[in-house]
Amino acid sequence: MKSPLLSLSGAVPAEGVDEGVAAHYGDLFREQRALADGTGFVDLSHRGVVAVTGDDRLSWLHLLLTQHVSDLPTGQATEALILSAHGHIEHALYLVDDGATVWMHVEPGTQDALIAYLESMKFFYRVEVADRTADIAIVHLPAGSITEVPEGVVVRETAYGRDLFLPRADLESYAEKSGPAAGILAYEALRVEHHRPRLGFETDHRTIPHELGWIDTAVHLQKGCYRGQETVARVQNLGKPPRRLVFLHLDGSEVHLPTAGTDIRLADEGADGRKIGFITTSVRHHELGPVALALVKRNVPLDARLLADTTAAAQEVVVEP
């Protein structure tokens with residue numbers, strides 16, 4: 001979905017999975033500072049939106065998701081995963097129930113596969129699943145924002161801000177009175193600062209929730225059976241994940257950021273040493289400078305000096321080894 005807000009002054013289109021919205025509007029650090037101060041908004045209208053209605057919506061989703069949602073209070077935000085039979089992460093869902101509908105937003109382009117899976121699991125349950133991406137746009141207001149939310153708009157409120165499920169037809173008029181606009185790069189910089197994983201960025205085909213810290217926010221360890229639960233329980237009770245998410249402070253003297261997928265090695269072994277991990281997301285932060293999230297092998301020492309290609313990196317623990 002190409003956002004109409006790309007017509008705003010200074011808008012530079014994002015690329016890759018975030019194509020369709022603005023990467024920035026001319027001043028990346030100003031946009032970051034505005035979000036950190038609780039002002040402005042972020043256009044996330046490229047994200048997929050799925051709605052589930054019907055009397056059985058919560059009890060049915062409870063059987064499929066990693067999160068406990070059978071008694072989800074109206075208006076309370078939560079996040080959940082859908083796992084493969086082997087416990088690998090397939091979908092990340094950001095949900096809220098408004099009393100009649102469970103609304104969720106997901107990574108751009110993943111809604112079709114998600115809906116296909118949900119449809120295959122309906123059986124005799126009284127539920128209906130709908131793709132609402134064409135008529136509902138996600139707009140993010142940062143934590144501390146006092147921007148007014150239009151009456152009737154569903155809101156998903158978290159510690160990081162509010163996600164609005166805004167009618168797509170109202171996107172331009174809402175933006176006019178809710179500025180300044182901040183691009184997806186500013187949003188991503190704050191996501192990395194807060195160590196929040198993102199599907200398709202911090203995940204690959206074999207990622208399990210424990211590796212990213214999602215076990216604390218998107219998985220309920222005491223709920224009933226769901227696909228992939230056996231792996232979750234086994235790792236939780238009997239072992240450790242093979243990898244762990246880390247936050248990296250990168251050498252600020254480097255002109256270029258190491259890109260996603262850049263190999264990480266131990267600095268003591270040099271650029272030809274064995275690979276012990278890889279960059280997942282790297283950003284330039286308005287206060288912290290160049291920083292990144294990365295996945296490394298669980299047994300990498302906490303005080304080890306690292307190299308992302310040729311860029312020196314110091315790690316902070318996100319997931320305990």
- Message: Where the second residue is at pLDDT 95 or above and the first is among the β-branched types (Val, Ile, Thr) and lies in region 219-230, which pairs have Cβ atoms under 7 Å and are six or more apart or on separate chains?
- Response: Val219/Thr66; Val219/Gln67; Val219/Leu81; Val219/Pro209; Val219/Val232
- Exclusive hit being modelled with pLDDT of 95 or more, surrounded by 19 or more Cβ atoms within 10 Å (Cβ to Cβ) and at negative phi, set Val153, Val127: Val127
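Tally up the residues in region 221-266 that are of a type in the set (Phe, Trp, Tyr) and loosely packed, with under 13 Cβ neighbours inside 10 Å, please. Write out each step before concluding.
Taking region 221-266 and keeping what is of a type in the set (Phe, Trp, Tyr), we get 226, 247.
Subsequent filtering for residues that are loosely packed, with under 13 Cβ neighbours inside 10 Å retains none.
Residues in region 221-266 being of a type in the set (Phe, Trp, Tyr) and loosely packed, with under 13 Cβ neighbours inside 10 Å: 0 in total.
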- Note on the structure: All conditions in (1) farther than 18 Å from Glu254 by Cβ; (2) surrounded by fewer than 22 Cβ atoms within 10 Å (Cβ to Cβ) are true of Arg305 except (1)
- Item | Odd one out for Ile89 among (1) farther than 30 Å from Pro242 by Cβ; (2) touching a residue at least 60 places away in the same chain (Cβ under 8 Å); (3) open to solvent by 10 Å² or more (accessible area, probe 1.4 Å) | (1)
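If only one of Glu211, Glu202 is in a loop (DSSP other than H, G, I, E, B) and open to solvent by less than 10 Å² (accessible area, probe 1.4 Å), which one is it?
Working: Glu211 fails: in a loop (DSSP other than H, G, I, E, B).
Of Glu211, Glu202, the one residue that is in a loop (DSSP other than H, G, I, E, B) and open to solvent by less than 10 Å² (accessible area, probe 1.4 Å) is Glu202.
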- Message: I'd like the full set of residues that are surrounded by fewer than 22 Cβ atoms within 10 Å (Cβ to Cβ) and more than 14 Å from Gly40 (Cα to Cα), limited to region 137-150.
- Response: Pro150
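Tell me which residues, restricted to region 92-104, are in a strand (DSSP E or B) and without any contact (Cβ under 8 Å) to a residue 60 or more places away in the chain.
Pass one, region 92-104, residues in a strand (DSSP E or B): 92-97, 101-104.
Hits for region 92-104 are Leu93, Asp97, Thr101, Val102, Met104.
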- Looking only at residues in region 161-199 that are of a type in the set (Asp, Glu) and in a helix (DSSP H, G or I), which one is most open to solvent (accessible area, probe 1.4 Å)? Glu176
- Which residues, taken from region 48-86, are in a strand (DSSP E or B), of a type outside the set (Gly, Ala, Ser) and buried (at least 18 other Cβ atoms within 10 Å of the Cβ)? Val49, Val50, Val52, Thr78, Glu79, Leu81, Ile82, Leu83
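The values are calculated or read from the model by the stated rules, or taken from the named source; none is laboratory data. Nothing here was measured: the structure is a model prediction, and the numbers come from that model. Ideal geometry is used to build each Cβ from the backbone, glycine not excepted, and the neighbour counts take in all protein chains shown. With ligands, DNA and RNA removed, areas are computed over all heavy atoms of the protein, side chains included. Shrake-Rupley method; radii C 1.70, N 1.55, O 1.52, S 1.80 Å.
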